[in-house]
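Notes to accompany the following structure.
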Amino acid sequence: QVQLVESGGGLVQAGGSLRLSCAASVDILSINTMTWYRQAPGKQREWVAVRPNVGRITYADSVKDRFTISRDNAKNTLYLHMSSLKPEDTAVYFCKAQYNWRDYWGQGTQVTVSS
């Protein structure tokens, strides 16, 4: 029942910044929890940041103080602001929505950070 579309990925130099977007097909305020994940080639998928509809945002230690979540309720869009990017941030980034106790995933967007 929820469609998610990620965008904003690309190639960036180390130390640069990117903003990823996750557009939802339903009222974003009706989504229980939205989470950014990432998966590097040959690596296990890991969570990056969690944004409950009501509650505190949680960041993984690897991105804390560098990544920030924000939400545009009018556009039903969740953002991931990434700064001070490192080569180890290279991965496909996914958005996941928990809605009525079910999980929905976007297609992902590629982020590549060069040295």
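The values are calculated or read from the model by the stated rules, or taken from the named source; none is laboratory data. Just so it is clear, the structure is predicted and the values come from calculations on it, not from any experiment. SASA here: full protein model, heavy atoms, side chains in, ligands and nucleic acids out. Shrake-Rupley method; radii C 1.70, N 1.55, O 1.52, S 1.80 Å.
At-a-glance table
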quantity	calculated
Rounded percent of accessible protein surface that carbon and sulfur make up, the chain, 1.4 Å probe	46
Gly108 long-range amide H proximity, modeled H, under 5 Å	Glu6, Cys95
Alpha carbon centroid spacing (whole Å) that separates the stretch 8-58 from the stretch 71-115	3
Calculated from backbone phi, Karplus (6.51, -1.76, 1.60) coupling profile of the stretch 6-14 in Hz, x at Gly/Pro	8, 7, x, x, x, 9, 9, 7, 3
Relative contact order for the chain, counting Cα pairs under 8 Å that sit 6 or more residues apart, in percent	38
Phi to ³J(HN,Hα) by Karplus 6.51 cos²θ - 1.76 cosθ + 1.60 over the stretch 51-66, Hz, x for Gly, Pro	10, x, 4, 10, x, 8, 6, 10, 10, 5, 4, 5, 10, 4, 6, 10
Solvent-accessible area per residue for the stretch 1-65 (1.4 angstrom probe, square angstrom)	58
Residues of type lysines that Lys86 reaches as a straight line, Cα spacing below 26 Å, ignoring anything fewer than 8 places off in the same chain	Lys43, Lys64, Lys96
Value of Rg to Rh for the chain (Rh from inverse mean 1/r over Cα pairs, i.e. Kirkwood)	0.95
